[in-house]
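Since the structure comes first, as structure tokens, the remarks are kept for the end.
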Amino acid sequence: MTYTPSKTLTFEEFLAEYGNDPRYELIDGELRDRYPTGPHESVSGKLAGRLYGEILRLNLRWTIPKNCLIRPPATEATALRPDVVVLDEAKLATEPLWEREPVLTGGQAIKLVVEVVSTNWQDDYARKVEEYALLGIPEYWIVDFCGLGGVEFIGKPKQPTLTICQLVEDGYCKNRYLLGIAIASVLLPELQLRLDEVMP
């Protein structure tokens, strides 16, 4: 599940060695292999397409970069690599690194983050929930198309689940959506989407 190097990495070392490799992210100095399988990438691509279609329809100045790292400001050696991230182009000027490399150090430009769950599901349901809330990201979607998450996160019996976390004050309010149920996004309230439509 996790590759542990002989020593921990700093953010700068990670950026130099793995910054352009979409397979890896860094959590507290530990290199994490995201294990993106074909089905995982298919779900990510379908979601990005559906979200971008809605962005275009609404004529919003938002973008979805192909590759992006998020460096939470309260951590020394963490670089998160979401599967899909929606950015407000007008607010990218506040990002000090963005002109040179696709690294975000704050949450002002981030409208939505999507994580497609793989074998390291604990990071998506626990650690990243805290990090993204601290950054003030309005919505965080956890797409567990294989039903891998723990019972406390996706219920029993375990089944494919899309969880939308909506920021309320400094924490997330979570709503779970199973197959066949239309999702409800505060950020994109007219978006017509069911988990079924992005399944691999």
Fill in the blank from the handout: Reported set for the stretch 54-74 where residues are more than 17 Å from the chain's Cα centre (by Cα) and over 13 Å from G107 (Cβ atoms) is E54, I55, L56, R57, L58, N59, L60, R61
Handout entry: Cross-chain or 6+ apart pairs with Cβ under 8 Å, the stretch 128-151 first and closer than 22 Å to K46 by Cβ and modelled with pLDDT under 95, then part of a loop (DSSP other than H, G, I, E, B) and of a type in the set (F, W, Y)
Key = none
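Condition (residue is over 30 Å from L179 (Cα atoms) and of a type in the set (D, E)) applied to the stretch 103-120: is it met by at least one residue?
no
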Practice task
Could you grab me the full set of residues in the stretch 161-200 that are of a type in the set (V, I, T), out of contact with any strand residue (DSSP E or B) (no Cβ under 6 Å at 6 or more places or on another chain) and not in a strand (DSSP E or B)?
Solution key: I181, V198
Handout entry: Some residue of the stretch 48-67 being surrounded by fewer than 19 Cβ atoms within 10 Å (Cβ to Cβ) and touching a Cys at 6+ places or on another chain (Cβ under 6 Å)
Key = no
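What about E197, is it in contact with a helix residue (DSSP H, G or I) (Cβ under 9 Å, 6 or more places away or on another chain), without any contact (Cβ under 8 Å) to a residue 12 or more places away in the chain and among the acidic types (D, E)? Walk me through it before giving the result.
On the way: in contact with a helix residue (DSSP H, G or I) (Cβ under 9 Å, 6 or more places away or on another chain): yes; without any contact (Cβ under 8 Å) to a residue 12 or more places away in the chain: no; among the acidic types (D, E): yes.
When the stated conditions are applied, E197 does not pass them.
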Practice task
Please go through the stretch 74-88 and pick out each residue that is within 18 Å of R100 (Cβ to Cβ) and either touching a residue at least 60 places away in the same chain (Cβ under 8 Å) or touching a Phe, Trp or Tyr at 6+ places or on another chain (Cβ under 6 Å) (or both).
Solution key: A79
Problem - Positions within the stretch 16-47 being surrounded by fewer than 17 Cβ atoms within 10 Å (Cβ to Cβ) and small (G, A, S), in sequence order - result: A16, G38, S42, G45
Handout entry: 3 or more residues modelled with pLDDT of 90 or more and in contact with a strand residue (DSSP E or B) (Cβ under 9 Å, 6 or more places away or on another chain): qualifying strands (runs of 3 or more DSSP E) within the stretch 1-113
Key = 24-27, 84-88
Practice task
Return yes when D123 is in contact with a helix residue (DSSP H, G or I) (Cβ under 8 Å, 6 or more places away or on another chain), among the acidic types (D, E) and either touching a residue at least 12 places away in the same chain (Cβ under 8 Å) or surrounded by fewer than 19 Cβ atoms within 10 Å (Cβ to Cβ) (or both) and no when it is not.
Solution key: no
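Evaluate the following for W141: is it aromatic (F, W, Y), crowded, with 16+ Cβ neighbours inside 10 Å and assigned to a loop (DSSP other than H, G, I, E, B)?
Values: aromatic (F, W, Y): yes; crowded, with 16+ Cβ neighbours inside 10 Å: yes; assigned to a loop (DSSP other than H, G, I, E, B): no.
No: the conditions fail for W141.
The values are calculated or read from the model by the stated rules, or taken from the named source; none is laboratory data. The shown structure was predicted, so the numbers you read here are calculated from the model rather than taken from an experiment. FYI the Cβ positions are ideal-geometry reconstructions off the backbone, even for glycines, and counts take in every protein chain you see.
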